[in-house]
Protein chains: 4
Amino acid sequence: MIVILKQNTEKARIETLIKKFENMGLSCHYSSGAHTTILGIIGDTTRVDIDLVRADEIVEDVKRVSEPYKAVNRKFHPDDTIVRIPVSKGKEVCIGGGFFGVIAGPCSVECVEQIISMAKEVYKSGATLLRGGAFKPRTSPYSFQGLQAQGLELLLTAKQETGLPIVSEIMDLSHLELFRDVDVIQVGARNMQNFTMLKALGQCGKPILLKRGLANTIEEFLMSAEYIMAGGNSQIILCERGIRTFETFTRNTLDISAVPVLNHLSHLPVVVDPSHAAGIPWLIQPLSKASVAAGADGLMIEVHNKPSTALSDGAQSITPAQFNSTMDVIKSQVLFEGKKL
Amino acid sequence: MIVILKQNTEKARIETLIKKFENMGLSCHYSSGAHTTILGIIGDTTRVDIDLVRADEIVEDVKRVSEPYKAVNRKFHPDDTIVRIPVSKGKEVCIGGGFFGVIAGPCSVECVEQIISMAKEVYKSGATLLRGGAFKPRTSPYSFQGLQAQGLELLLTAKQETGLPIVSEIMDLSHLELFRDVDVIQVGARNMQNFTMLKALGQCGKPILLKRGLANTIEEFLMSAEYIMAGGNSQIILCERGIRTFETFTRNTLDISAVPVLNHLSHLPVVVDPSHAAGIPWLIQPLSKASVAAGADGLMIEVHNKPSTALSDGAQSITPAQFNSTMDVIKSQVLFEGKKL
Amino acid sequence: MIVILKQNTEKARIETLIKKFENMGLSCHYSSGAHTTILGIIGDTTRVDIDLVRADEIVEDVKRVSEPYKAVNRKFHPDDTIVRIPVSKGKEVCIGGGFFGVIAGPCSVECVEQIISMAKEVYKSGATLLRGGAFKPRTSPYSFQGLQAQGLELLLTAKQETGLPIVSEIMDLSHLELFRDVDVIQVGARNMQNFTMLKALGQCGKPILLKRGLANTIEEFLMSAEYIMAGGNSQIILCERGIRTFETFTRNTLDISAVPVLNHLSHLPVVVDPSHAAGIPWLIQPLSKASVAAGADGLMIEVHNKPSTALSDGAQSITPAQFNSTMDVIKSQVLFEGKKL
Amino acid sequence: MIVILKQNTEKARIETLIKKFENMGLSCHYSSGAHTTILGIIGDTTRVDIDLVRADEIVEDVKRVSEPYKAVNRKFHPDDTIVRIPVSKGKEVCIGGGFFGVIAGPCSVECVEQIISMAKEVYKSGATLLRGGAFKPRTSPYSFQGLQAQGLELLLTAKQETGLPIVSEIMDLSHLELFRDVDVIQVGARNMQNFTMLKALGQCGKPILLKRGLANTIEEFLMSAEYIMAGGNSQIILCERGIRTFETFTRNTLDISAVPVLNHLSHLPVVVDPSHAAGIPWLIQPLSKASVAAGADGLMIEVHNKPSTALSDGAQSITPAQFNSTMDVIKSQVLFEGKKL
């Protein structure tokens, strides 16, 4: 951490600041010149609150040199984390460390026939996890809000039928008890910085699928994962799902660079959700391929048997037939990349 | 709402779609040409889920003509809403409809001496409400997270001392009971689309200060207010606090146009938070002035007696002396604009 | 400038780098710790190419401490620059240093009657300069491209009729000769980083109105002004005209903070163009007021007698009557701010 | 095109507007309801200036249904355009329609030894075109501005030595004559909307590499290509090179979705420049792979033998050895995709 001091600061005040850092177990190097005076802070600065340092009257600016996250940092944990999801029949589904996962299913769970038929379809095509929304974050209060608790029960029925572990989004901590049999709890983009929820999930003992907020930087994304890991839970799957930019042709802009960057900075597995990133069915296949090529550990794809009658986000879903042919392409590409699916 | 149909669609399928709209009490006008076929949907389309229409296989695109919100829409409620906050001594503080409010105080409540002295200072300078964070959303799990329940108690003590009604942020619905004596409940930018919370606040019977999410459009902002109003609570103050853009000199980019735009589209009062928008103390005065000139109904300003020892966001706070001189400028400008402070 | 070195770098290579800086007349302070090694570079680093330093294999990262611009920097030129535009009748129009300027007129020059009548109208209402586009940058090759050379002649005629100095946009350097009688040459947002043009304008001896590019940072904006000043021309008016963000209600997002920030960082005058920033006529008055309150030295407003028949950008123009009433408001506010108009 | 009319508009004024459209050879469908009145404009609306329609006082809003570009539109030209660059020895290099091209070389041409050695290196590794900057757009007037005319001569020498056709950027139209022997003229991101230049290049008879502006939408990008094609030149290569967003880890955000979207909307070939998109050498390989997988027709990569002594953008260049191993990966992936390199 580098602290740039204001010109003509009294020696005594600088010494007070230096002592403050030394009391935190850090050491300071002082450089002074005609135009600038700099303090180089050496040591583990993860716990230094950069805003507080910046607020000191004698401080002009502060710049971090090392990352503000530690638990999720690859520097301190070089090996890939493999997220392991136990499957009812004694097996497990893995994501990360060479294992590629495909999470597929409808945006919303709508009825028992729909979710069971979808589960069978995506299983047949090679999906390894079943997704389905029970609690739905909708921009309008007048839109369908999900089947809620009943939706989770229908997902569990579909799991029994197919053996596919299930992924579903939690929207409020008060529902946590309802998720006790859900295999992977999804934190949606809008809750990426719901810190109270992240802390609780750090102690829930279940794998978490953490989606990147649509205007959050990669560093903020990793800081949110740090919240969960700081609570003791390292079974975290990071999910890039597009960021908000000025471009309007696609619903969001898939930040494909985030995939290799997250692989570089962190040991956690990274999956991509091309359905939400693009919002356009015909983009799902090329963006899935691009994600595999960029080093993703998995994909999350919305599939609906009748997109035109879906109760939410039908416009971005593909049909089971389209999913099947996309999976053919994905499988051969995953093989080409030397990963297991 | 305008529905653009795909070329060469069968007549029968178009008729099915038209019937669907007619069953919702809407009427359809059909226009067909060499290159495009269009359905104009006439009536109250607020409850039509645009994504579902778009998902229909015969639909090329859908465009809204009227706004998707109704309760917060000025078209259906032309008069300004005045948010009225009862003050302990039989008076009330008003925001909106010609009443200008100033919410001031520290980012975080730190101790009883701090919050009482700050409350007295900002009261003396002319603030009409006291702000103070008890539950703090912090990017890092290693940063100070607020005094929580104790912070709210200290705020209430400061209210007793000064008579200033208090504003504090709620971070999780499970804390709602703790806010029973808080005068205005703040929904932070990160929770603007926490729909479960918005629904609950629609039924809490208290004024809500709703902050715009840092990557949310004005329309999404109003849809979140619509969630609260749909629940029966129309005492909502909208707060513009800067959006995330490519510019890095300021922490966020204050969207000053949002002030007159919100005034135009909605009857709800609009306040501006220049502290979070800019993140730089010397910008607070010019941005406050710009906000008044653009038509804001109030301001929300962070003040700290010793910004350099603040436990959060000190870098963006101004001192009581700076706040006092800013208030002198603001007061004369509010007068110039013909509003009451 | 702070250079963060990679871990475990050989001493000899660090010394080579230090010598490189010393040969540029700079001094280096070396700080080494367990996790980080830092070089603090002290002196005038304006001419150091930060990308070249970053490219050195032993360098992890580089951070600037002082601004990369010098001529336009208020630190080295504390007094406001006043741009003085000589008027035919022996007077001059000033912008900056307490002088407020209003540039008004149609987006495009269309015919002699139009430009003369518009010039008379805006003069009557209090505008101090006449704007009019002769060369028009249009997104579509099929849209009206401006009257070109003839448009400039018509502007000169209007200047003769009213005495108003004229401002018009140059689109290509090859047209420079045609601008010999234009009082202020405008560089449009799309040409803000047309460096060949900026260099030539640095030597043209005329005031330049430099518009901020729609995705350029404040620092890049000042670097472009630095190009012009480095060529010897300090008669530069900076123009904030909105930046591109995710918000779609307004055409662009007016970055109101840029006004006080530019005033802080540079001595050059700053004007605001609310017409292009918003793209909506009813936003021009509130945004003009906000600009004056934020410290702007002037405004640039599109006025058209029949916006519905304008050959370009009619949708964002106001009528002479609307301009007249906006000017009444602006004049009293400029007075309130203690400036001269 | 759909025109939404204001409520309570006089019949006569609507008829005038309808007549205006009919005079342009378009037909109008009129739909009127309780809340909205709509005109559906049917026919070739490419030449309708949407801003002019929006400026009509009786118009509330206008929405385009069909694309505003025609020449570059795949709807009217379904087959892929193949850009063919003649090579001195009677052969040609192709990009598009199944032919994959790799453009490689240093950011700036620095001296004859450098450019010849780089040309030989990239040729050996499989590049099909040589890039090298002679005129360099630099943010700072104090940075190296390129060898200019001499740089182009050195590129031609390198072409003679290796047979590689050359690509170089034009910064001002006045230099066009100097580019007579350059094989592909590059229009940089900052000049994407330099319409005077685009028009001239539409008549220059040479292939153009058009880079997307860093804040330009895909539609604006295609409109700029339309400018060139409208002038008669259809030998255009579109280049996605990253857009500006809030994310700061990478220099820009590679918009990978733009590749399949451009392939869908236009018949022109699309290449990706991962060097400028990321600004980080270790991202070049994963982003190149992602580009191939997403359907790109080529890549543009910066290579420098000693990035740390490069006169520009060294930080984002890879070494010839890194390029060689990246090319091994790219070649097998291009083969996997069924394209020719």
Checklist entry - C:Ser174: under 20 Å from C:Gln316 (Cβ atoms) and surrounded by fewer than 21 Cβ atoms within 10 Å (Cβ to Cβ), yes or no? => result no
Checklist outcome for this item: For segment D:284-307, the count of residues that are out of contact with any Lys or Arg (no Cβ under 9 Å at 6 or more places or on another chain) and among the small types (Gly, Ala, Ser) equals 4
Checklist entry - Could you list, in sequence order, the residues of segment A:285-341 that are out of contact with any helix residue (DSSP H, G or I) (no Cβ under 8 Å at 6 or more places or on another chain) and aliphatic (A, V, I, L, M)? => result A:Ala321, A:Leu335
Next on the checklist: It is to be established whether one or more residues within segment B:208-227 are surrounded by fewer than 22 Cβ atoms within 10 Å (Cβ to Cβ), touching a residue at least 24 places away in the same chain (Cβ under 8 Å) and under 19 Å from the mean Cα position of the chain (by Cα).
Outcome noted: yes
Checklist entry - Does B:Gly133 satisfy the criteria of being crowded, with 24+ Cβ neighbours inside 10 Å, within 14 Å of chain A (Cβ to nearest Cβ) and more than 30 Å from B:Leu262 (Cα to Cα)? => result no
Next on the checklist: Filter segment B:37-91 down to the residues that are farther than 27 Å from A:Ser275 by Cβ, within 14 Å of chain D (Cβ to nearest Cβ), of a type outside the set (Val, Ile, Thr) and without any contact (Cβ under 8 Å) to a residue 40 or more places away in the chain and list them by number.
Outcome noted: B:Gly40, B:Gly43, B:Asp44, B:Lys75, B:Phe76
Checklist outcome for this item: In the set A:Leu311, A:Leu341, the lone residue that is buried (at least 17 other Cβ atoms within 10 Å of the Cβ) and within 13 Å of chain B (Cβ to nearest Cβ) is A:Leu311
Next on the checklist: Tell me yes or no: at least one residue of segment B:260-267 is more than 12 Å from every other protein chain (Cβ to nearest Cβ) and at pLDDT 95 or above.
Outcome noted: yes
Checklist entry - Scanning for something more than 30 Å from C:Asp181 (Cβ to Cβ), more than 14 Å from chain A (Cβ to nearest Cβ) and either crowded, with 19+ Cβ neighbours inside 10 Å or among the basic types (Lys, Arg) (or both), does segment C:101-108 turn up at least one residue? => result no
Checklist outcome for this item: Residue hits (segment C:233-248; within 12 Å of chain D (Cβ to nearest Cβ) and modelled with pLDDT of 95 or more) are C:Gly242, C:Ile243, C:Arg244, C:Thr245, C:Phe246
Next on the checklist: Suppose we filter segment C:242-270 for residues that are more than 20 Å from B:Ser291 (Cβ to Cβ) and either without any contact (Cβ under 8 Å) to a residue 12 or more places away in the chain or in contact with a Leu (Cβ under 8 Å, 6 or more places away or on another chain) (or both); how many remain?
Outcome noted: 7
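If you check D:Met197 against the conditions, is it of a type in the set (A, V, I, L, M, F, W, C) and over 24 Å from D:Cys94 (Cα atoms)?
So D:Met197 fits the description; yes.
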Item to check | Considering residues of segment C:285-320 that are under 13 Å from C:Ala127 (Cα atoms) and not β-branched (Val, Ile, Thr) only, the residue farthest from the chain's Cα centre (by Cα) | outcome: C:Pro320
Checklist entry - Got a sec? Which of C:Glu153, C:Glu169 is closer than 21 Å to C:Cys111 by Cα and without any contact (Cβ under 8 Å) to a residue 12 or more places away in the chain? => result C:Glu153
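Have a look at D:Leu155, D:Leu164 and point out the one that is assigned by TED's automatic domain parsing to the domain that holds D:Ile318 and touching a Phe, Trp or Tyr at 6+ places or on another chain (Cβ under 7 Å). Full working, then the answer.
Values: D:Leu155 fails: touching a Phe, Trp or Tyr at 6+ places or on another chain (Cβ under 7 Å).
One residue alone meets the criteria, D:Leu164.
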Next on the checklist: Considering only residues that are more than 16 Å from C:Arg54 (Cα to Cα) and either more than 8 Å from chain A (Cβ to nearest Cβ) or not in a helix (DSSP H, G or I) (or both), which ones fall in segment D:282-302?
Outcome noted: D:Ile284, D:Gln285, D:Ser288, D:Gly295, D:Ala296, D:Asp297, D:Gly298, D:Leu299, D:Met300, D:Ile301
Checklist entry - Restricting the search to segment B:297-313, which residues are in contact (Cβ under 8 Å) with a residue 40 or more places away in the chain and among the small types (Gly, Ala, Ser)? => result B:Gly298, B:Ala310, B:Ser312
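Yes or no, residue by residue, for (1) closer than 22 Å to B:Gln316 by Cα; (2) in contact with a Lys or Arg (Cβ under 9 Å, 6 or more places away or on another chain); (3) among the β-branched types (Val, Ile, Thr):
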{"position": "B:Phe221", "(1), (2), (3)": "no, yes, no"}
{"position": "B:Ala230", "(1), (2), (3)": "no, yes, no"}
{"position": "B:Ile236", "(1), (2), (3)": "no, no, yes"}
{"position": "B:Glu240", "(1), (2), (3)": "yes, yes, no"}
{"position": "B:Glu247", "(1), (2), (3)": "yes, no, no"}
{"position": "B:Asn252", "(1), (2), (3)": "yes, yes, no"}
{"position": "B:His264", "(1), (2), (3)": "no, yes, no"}
{"position": "B:Val272", "(1), (2), (3)": "yes, yes, yes"}
Checklist outcome for this item: Scanning segment A:314-338 for residues that are among the charged types (D, E, K, R) and touching a residue at least 12 places away in the same chain (Cβ under 8 Å), the one surrounded by the most Cβ atoms within 10 Å (Cβ to Cβ) turns out to be A:Glu337
Next on the checklist: I'd like the full set of residues that are under 12 Å from the mean Cα position of the chain (by Cα) and part of a helix (DSSP H, G or I), limited to segment D:256-279.
Outcome noted: D:Ala258, D:Val259, D:Leu262
Checklist outcome for this item: Picking from C:Ile58, C:Ile38, the residue that is over 31 Å from the mean Cα position of the chain (by Cα), surrounded by fewer than 22 Cβ atoms within 10 Å (Cβ to Cβ) and not assigned by TED's automatic domain parsing to the domain that holds C:Asp297 would be C:Ile58
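The values are calculated or read from the model by the stated rules, or taken from the named source; none is laboratory data. All of these numbers come straight from a predicted model, not from anything done at the bench. Cβ sites come from the backbone with ideal geometry, for glycine too, and all protein chains shown count toward neighbours.
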